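*Asks:* Take this structure first; my questions come after.
The values are calculated or read from the model by the stated rules, or taken from the named source; none is laboratory data. What you are looking at is a predicted structure, and each value in this text was computed from that prediction instead of being measured. Note that each Cβ is placed from the backbone with ideal geometry, even for glycine, and that neighbours are counted across all protein chains shown.
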Amino acid sequence: MGKWLRLPAVLRRALLLRVVLALALFLPPLIRSGHAEARGDAKAGKVVYDKNCAACHGPKGSGLGARSILPNFADAKYMATRTDAELFDKLSNGGKGTGMPAWGKVLTDHERWNVLAYIRTLSGP
Ligand code: HEC
């Protein structure tokens, strides 16, 4: 039998609480690091964007006005509704008929995260 089981229940609970607290404190930054801003280099992404994306999405990512089907990357409210996974999927696989090309075979994973990191900055403060 381990020492753990011989500890009084109150102490065991206190220890468990600490573990849970530590996890609650340290996990969010770990999860956040999966996000585009953390995974990609926005500066390098700007180069990719200006070369491959700006022609359709506009130099500032705001598409072509209200009636366009282009998303407005400069609209923070809109961008907050889009997860990195959704953006990465659309970027990689394209719009399948919408006009958005599939970049999965054109750009590396790294370049796609960079350009998404850059797109995230377009609605930034
Ligand atoms: C030929 C025009 C064209 C080019 C070039 C283009 N896009 Fe798009 N893109 C579109 C259109 C149209 C849409 C909207 C329709 C859709 O979501 O499928 C779109 C949608 C997207 C979306 C989805 C946004 C959302 O909220 O779902 C992302 C992300 C995106 N583009 C990123 C890029 C990036 C990054 C590049 C450059 C590597 C790029 N696009 C190049 C036309 C283009």
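*Asks:* Identify the residue in the stretch 95-119 that is among the basic types (Lys, Arg) and on the phi < 0 side of the Ramachandran plot and, among all such residues, is surrounded by the most Cβ atoms within 10 Å (Cβ to Cβ). Don't jump to the end; show me each part of the working.
*Replies:* Filtering the stretch 95-119 down to residues among the basic types (Lys, Arg) leaves 96, 105, 112.
From the residues that got through so far, the ones that are on the phi < 0 side of the Ramachandran plot too are 105, 112.
Details: Lys105: 7, Arg112: 22.
The qualifying residue surrounded by the most Cβ atoms within 10 Å (Cβ to Cβ) is Arg112.
*Asks:* Hey, any hits in the stretch 23-32 for a residue that's modelled with pLDDT under 80, touching a helix residue (DSSP H, G or I) at 6+ places or on another chain (Cβ under 8 Å) and either charged (D, E, K, R) or part of a helix (DSSP H, G or I) (or both)?
*Replies:* Filtering the stretch 23-32 for residues modelled with pLDDT under 80 gives 23-32.
Next cut, touching a helix residue (DSSP H, G or I) at 6+ places or on another chain (Cβ under 8 Å) only: 32.
So of that shortlist, the ones also either charged (D, E, K, R) or part of a helix (DSSP H, G or I) (or both) come out as 32.
Yes, the stretch 23-32 has at least one match.
*Asks:* What are the residues in the stretch 85-94 that are of a type outside the set (D, E, K, R) and either surrounded by fewer than 18 Cβ atoms within 10 Å (Cβ to Cβ) or more than 7 Å from the ligand (Cβ to nearest atom) (or both), if any? Spell out how you get there, then give the answer.
*Replies:* Initial filter on the stretch 85-94 (of a type outside the set (D, E, K, R)): 85, 87-88, 91-94.
Once the filter is applied, which keeps residues that are of a type outside the set (D, E, K, R) and either surrounded by fewer than 18 Cβ atoms within 10 Å (Cβ to Cβ) or more than 7 Å from the ligand (Cβ to nearest atom) (or both), the stretch 85-94 yields Ala85, Phe88, Ser92, Asn93, Gly94.
*Asks:* Next question. Report yes if Gly97 is within 11 Å of the ligand (Cβ to nearest atom) and without any contact (Cβ under 8 Å) to a residue 24 or more places away in the chain, otherwise no. Can you show your working first?
*Replies:* Details: within 11 Å of the ligand (Cβ to nearest atom): yes; without any contact (Cβ under 8 Å) to a residue 24 or more places away in the chain: yes.
For Gly97, the condition - within 11 Å of the ligand (Cβ to nearest atom) and without any contact (Cβ under 8 Å) to a residue 24 or more places away in the chain - is met.
*Asks:* Next question, about the same structure. Restricting attention to the stretch 45-84, report how many residues are surrounded by 13 or more Cβ atoms within 10 Å (Cβ to Cβ) and within 7 Å of the ligand (Cβ to nearest atom).
*Replies:* Matching residues across the stretch 45-84 total 9.
*Asks:* Hey, another quick one. Please enumerate the residues belonging to the stretch 100-125 that are among the β-branched types (Val, Ile, Thr), more than 8 Å from the ligand (Cβ to nearest atom) and touching a residue at least 24 places away in the same chain (Cβ under 8 Å). Working first, answer last.
*Replies:* The initial filter retains those residues of the stretch 100-125 that are among the β-branched types (Val, Ile, Thr), namely 106, 108, 115, 119, 121.
Among the residues that remain, those that are also more than 8 Å from the ligand (Cβ to nearest atom) are: 108, 121.
The answer is Thr121, and nothing else.
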